[in-house]
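Notes for the one structure printed next.
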Amino acid sequence: MIAYLKGKIIVKTNTYIILEAGSVGYQVFAGEIFLASLNKGHETEIYIHHRVREEASDLYGFAGLEELELFELLLSVSGVGPKSALAVISLASSHDIKEAIIRGDANLLTKVSGIGKKTAERLVLELKNKVVKISGGISLTGGGMSGSGDELDALMSLGYAINEAREALNAVEPAITSSSGRVKAALKYLAR
């Protein structure tokens with residue numbers, strides 16, 4: 001099994017890269033956030049999930065072990081495939097996703113195409129104890145993602161991308177605690 005690759009990116013698309021390592025080109029699928037950080041022609045190190053099936057052998061790449069671990073946890077839930085798991089990882093940082101799961105907030109996961117409310121709730125239910133066990137005590141106060149799913153929804157309904165909305169909510173002063181106040185402060189941040 002391939003677990004790690006280091007090499008030069010020779011091709012970059014919207015869903016995968018081709019990484020030349022040891023004179024061999026490996027097609028590595030990755031999430032949007034990680035792909036955005038990669039540049040064609042640059043050297044990189046990638047942690048790999050090697051998925052072998054009857055008809056294919058696919059590689060999925062991650063910047064670090066935390067993302068890889070979360071991806072594998074997501075795959076352990078029945079009905080969640082690699083594309084959905086990558087889309088979940090592209091929603092937010094691994095820390096933020098784990099924090100949402102620990103809080104029981106399925107709203108963040110419903111932002112992924114193909115994951116409805118029932119599947120998101122099942123993901124949270126099945127993964128909560130596993131995430132608590134591997135996280136070693138994620139703090140649910142501060143340092144993580146600010147904003148409920150409703151606040152994110154409000155900003156997204158106004159036309160902001162999820163990454164913009166999340167960034168704006170993270171920039172809101174901790175002293176502002178009401179949802180409406182947080183959304184107003186986030187809108188001011190976005191208007192700058």
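Tally the residues that are closer than 19 Å to residue 21 by Cα and not charged (D, E, K, R), restricting the search to the range 38-81.
Adding up the residues that qualify gives 17.
Considering only residues of the range 143-192 that are in a loop (DSSP other than H, G, I, E, B) and β-branched (Val, Ile, Thr), which is modelled with the lowest pLDDT?
Applying the filter and picking the extreme gives 177.
Do the conditions hold for residue 72, that is, is it surrounded by fewer than 19 Cβ atoms within 10 Å (Cβ to Cβ), of a type outside the set (A, V, I, L, M, F, W, C) and touching a residue at least 40 places away in the same chain (Cβ under 8 Å)?
When the stated conditions are applied, residue 72 does not pass them.
If a residue must be over 10 Å from the mean Cα position of the chain (by Cα) and in a helix (DSSP H, G or I), how many such residues does the range 85-116 contain?
7
Answer with yes or no whether residue 140 is at pLDDT below 85, exposed (fewer than 12 other Cβ atoms within 10 Å of the Cβ) and not charged (D, E, K, R).
Yes: the conditions hold for residue 140.
Restrict the check to the range 127-134 and report whether at least one residue is modelled with pLDDT of 80 or more, surrounded by 17 or more Cβ atoms within 10 Å (Cβ to Cβ) and among the charged types (D, E, K, R).
The answer is no, given that none of the residues of the range 127-134 is modelled with pLDDT of 80 or more, surrounded by 17 or more Cβ atoms within 10 Å (Cβ to Cβ) and among the charged types (D, E, K, R).
Just wondering, is there one or more residues in the range 25-43 that are assigned to a helix (DSSP H, G or I), free of Cβ contacts under 8 Å to residues at least 60 places away in the same chain and either among the hydroxyl-bearing types (Ser, Thr, Tyr) or surrounded by 17 or more Cβ atoms within 10 Å (Cβ to Cβ) (or both)?
So far as the range 25-43 goes, yes, one or more of its residues are assigned to a helix (DSSP H, G or I), free of Cβ contacts under 8 Å to residues at least 60 places away in the same chain and either among the hydroxyl-bearing types (Ser, Thr, Tyr) or surrounded by 17 or more Cβ atoms within 10 Å (Cβ to Cβ) (or both).
The values are calculated or read from the model by the stated rules, or taken from the named source; none is laboratory data. In this text, all values refer to a predicted model and were calculated from it rather than measured experimentally. Counting neighbours? That spans all protein chains shown, and the Cβs are built from the backbone with ideal geometry, glycine included.
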